[in-house]
1. Tally up the residues in the range 233-271 that are within 16 Å of the ligand (Cβ to nearest atom) and open to solvent by less than 60 Å² (accessible area, probe 1.4 Å), please.
2. When you scan the range 216-230, do you find a residue that is modelled with pLDDT of 95 or more and more than 17 Å from ILE145 (Cα to Cα), even just one?
3. Quick one: TRP481 ticks every box in (1) of a type in the set (Phe, Trp, Tyr); (2) surrounded by 12 or more Cβ atoms within 10 Å (Cβ to Cβ); (3) more than 28 Å from ALA162 (Cβ to Cβ) bar one, so which box is it?
4. Can you work out which of the residues in the range 42-64 that are β-branched (Val, Ile, Thr) and in a helix (DSSP H, G or I) is least open to solvent (accessible area, probe 1.4 Å)?
5. Looking only at the range 261-313, which residues are in a loop (DSSP other than H, G, I, E, B) and either small (Gly, Ala, Ser) or closer than 16 Å to ASN149 by Cα (or both)?
6. Does VAL201 qualify as being near the ligand (Cβ under 9 Å from one of its atoms), of a type outside the set (Asp, Glu) and crowded, with 19+ Cβ neighbours inside 10 Å?
7. Of everything in the range 119-145 that's crowded, with 20+ Cβ neighbours inside 10 Å and among the aliphatic types (A, V, I, L, M), which residue is farthest from ASN78 (Cα to Cα)?
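The values are calculated or read from the model by the stated rules, or taken from the named source; none is laboratory data. Fair warning: this is a prediction, and the values are worked out from it, not measured in the lab. Note that we place each Cβ from the backbone using ideal geometry, even for glycine, and neighbour counts take in every protein chain shown. Note: areas computed on protein heavy atoms with side chains; ligands, DNA, RNA excluded. Shrake-Rupley method; radii C 1.70, N 1.55, O 1.52, S 1.80 Å.
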Amino acid sequence: MSTIGHLINGEHVTCGGRTAPVYNPSTGESNLQVELADRATMQKAIDVAKAAFPAWRNTPPAKRAQIMFRFKQLLEQNEQKIAELISAEHGKTIEDAVGELKRGIENVEFACAAPEILKGEYSRNVGPNIDAWTDLQPIGVVAGITPFNFPAMVPLWMYPLAIVCGNCFILKPSERDPSSTLFIAELLLEAGLPKGVISVVNGDKDAVDALIEAPEVKALSFVGSTPIAEYIYSEGTKRGKRVQALGGAKNHAVLMPDADLDNAVSALMGAAYGSCGERCMAISVAVCVGDQIADALVEKIVPQIQALKIGAGTSCGLDMGPLVTAQARDKVKGYIDAGVEQGAKLVVDGRGLVVPGNENGFFVGGTLFDNVTPEMTIYTDEIFGPVLCIVRVGSLEEAMQLINDHEYGNGTCIFTRDGEAARLFCDQIEVGMVGVNVPLPVPVSYHSFGGWKRSLFGDLHAYGPDGVRFYTRKKAITQRWPARKSHEAAQFAFPSNG
Ligand code: NAD
């Protein structure tokens with residue numbers, strides 16, 4: 001059994017403390033464990049980051065960006081290895097892992113624009129001989145806490161930008177699939193980042209609490225489930241920290257009667273069952289406007305669900321791998337049981353799936369429920385598995401009311417050919433990211449990512465322009481250089497240009 005430790009000050013360290021098993025979800029086996037950092041280990045990373053900050057904040061943004069250019073190259077050169085590491089511990093298919101990495105690399109590309117991003121604003125002659133500018137300064141030591149479902153992409157949403165903005169970063173990744181995250185951070189050091197500017201500390205609640213409680217840590221970025229997001233937001237802000245905490249989701253796709261059904265079905269298949277439904281932007285509810293489109297959807301989608309190619313994520317050419325852990329599998333199966341008990345119509349049942357050769361893997365097959373109603377737990381809760389629920393409504397207004405009443409507001413989409421309906425939907429829906437005939441409207445790196453309602457705690461979204469605002473503090477400087485012989489009398493009225 002080998003043990004994964006931490007990356008602090010450019011070195012691999014262990015603290016000899018508690019550990020957690022890391023599974024290969026396709027086989028159900030574990031020959032790896034991850035160390036769960038104690039508070040002293042986390043404090044070491046914080047001290048190292050604090051010591052690295054003065055030199056890093058004064059490193060020219062162009063030099064910081066050059067490191068990101070090299071980092072991007074290294075990520076691309078190591079694409080296959082990273083995808084294999086992701087797949088072996090998460091379970092997603094290699095192709096899906098490559099997709100995740102590519103979207104992560106886009107955030108590195110955005111960070112390469114550091115000198116442009118950090119230019120600030122300048123105004124000449126705001127008063128007599130007075131110029132003013134706004135500076136974007138780093139915050140200091142900042143930390144990120146990330147979920148299991150995107151072990152490469154979500155950390156890359158955070159630290160490339162935080163670091164080019166001049167901060168030092170501590171990453172606390174998910175303890176369920178730590179290897180790819182650690183390897184990627186090693187590549188950043190290989191790209192030339194000074195050692196203390198990034199540390200990766202593995203762990204659980206203890207490690208996170210150490211970050212929350214440390215006065216040296218000025219900001220926390222979190223991505224994970226809603227209860228933990230809320231905890232980190234309230235505990236962090238209580239201590240005066242800047243916090244952005246992205247939480248869970250229940251994403252609805254509205255199918256209008258005029259939708260291009262073939263394309264909508266293809267889109268739904270990928271969005272509901274890709275990554276085994278373990279995506280915060282996965283579509284888990286199809287809201288059909290009228291029975292006709294609902295019946296047509298069921299007819300077309302059932303054979304496609306039954307034909308899903310499911311197996312070990314590390315094999316090529318599959319649609320779907322296993323869930324991440326046995327607990328995740330049991331939780332998903334529990335929800336399917338509850339859906340049946342609560343009266344939904346189980347059209348395709350993935351509970352009995354056995355993958356030959358991988359009988360002990362954490363598999364659940366694609367599952368479809370019809371006639372789901374809003375009080376059922378399969379509708380109210382985030383299942384985070386390959387389960388799609390069909391809810392039948394009578395009108396677009398009813399569909400929108402349903403979505404607006406849900407506690408989550410991460411992503412949603414509408415399938416229609418009617419521009420007026422799409423426009424109304426985009427304008428009135430209470431969800432942070434909206435797609436029109438686009439099932440997974442995950443913003444590109446130069447826009448920002450964030451949900452509404454209980455899908456996001458905090459004011460600023462992740463990455464892109466909001467990420468720059470989050471990882472910098474504005475300083476407004478007003479400067480006068482009077483002409484040598486001029487003299488200005490004392491002025492007691494409030495200074496103005498009036
Ligand atoms: P999780 O909340 O269990 O874990 C996320 C992080 O929090 C991990 O690093 C974990 O170690 C830490 N953590 C867990 N319990 C903790 C506790 N009690 N105190 C402090 N820290 C704790 O989430 P997960 O299961 O890893 O990821 C899946 C969840 O993340 C889903 O709800 C999904 O919707 C959400 N997610 C959201 C987004 C988004 O952008 N909104 C993106 C990806 C995933």
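1. Narrowing the range 233-271 to residues within 16 Å of the ligand (Cβ to nearest atom): 233-239, 241, 243-252, 271.
Imposing the further condition that a residue be open to solvent by less than 60 Å² (accessible area, probe 1.4 Å) reduces the set to 234-237, 241, 243-252, 271.
Counting residues in the range 233-271 that are within 16 Å of the ligand (Cβ to nearest atom) and open to solvent by less than 60 Å² (accessible area, probe 1.4 Å) gives 16.
2. At the first step, the residues of the range 216-230 found to be modelled with pLDDT of 95 or more are 216-230.
Next, only the ones that are more than 17 Å from ILE145 (Cα to Cα) stay: none.
No, the range 216-230 has no match at all.
3. Of (1) of a type in the set (Phe, Trp, Tyr); (2) surrounded by 12 or more Cβ atoms within 10 Å (Cβ to Cβ); (3) more than 28 Å from ALA162 (Cβ to Cβ), only one is false for TRP481: (2).
4. ILE46
5. Across the range 261-313, the qualifying residues are GLU278, ARG279, CYS280, MET281, ALA282, GLY290, ALA307, GLY311, ALA312, GLY313.
6. Numbers: near the ligand (Cβ under 9 Å from one of its atoms): no; of a type outside the set (Asp, Glu): yes; crowded, with 19+ Cβ neighbours inside 10 Å: yes.
Criteria not met by VAL201.
7. That would be ILE139.
Matching residues to (1) more than 16 Å from the ligand (Cβ to nearest atom); (2) not in a helix (DSSP H, G or I):
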{"position": "ASP131", "(1), (2)": "yes, yes"}
{"position": "MET158", "(1), (2)": "no, no"}
{"position": "THR181", "(1), (2)": "no, no"}
{"position": "GLU186", "(1), (2)": "yes, no"}
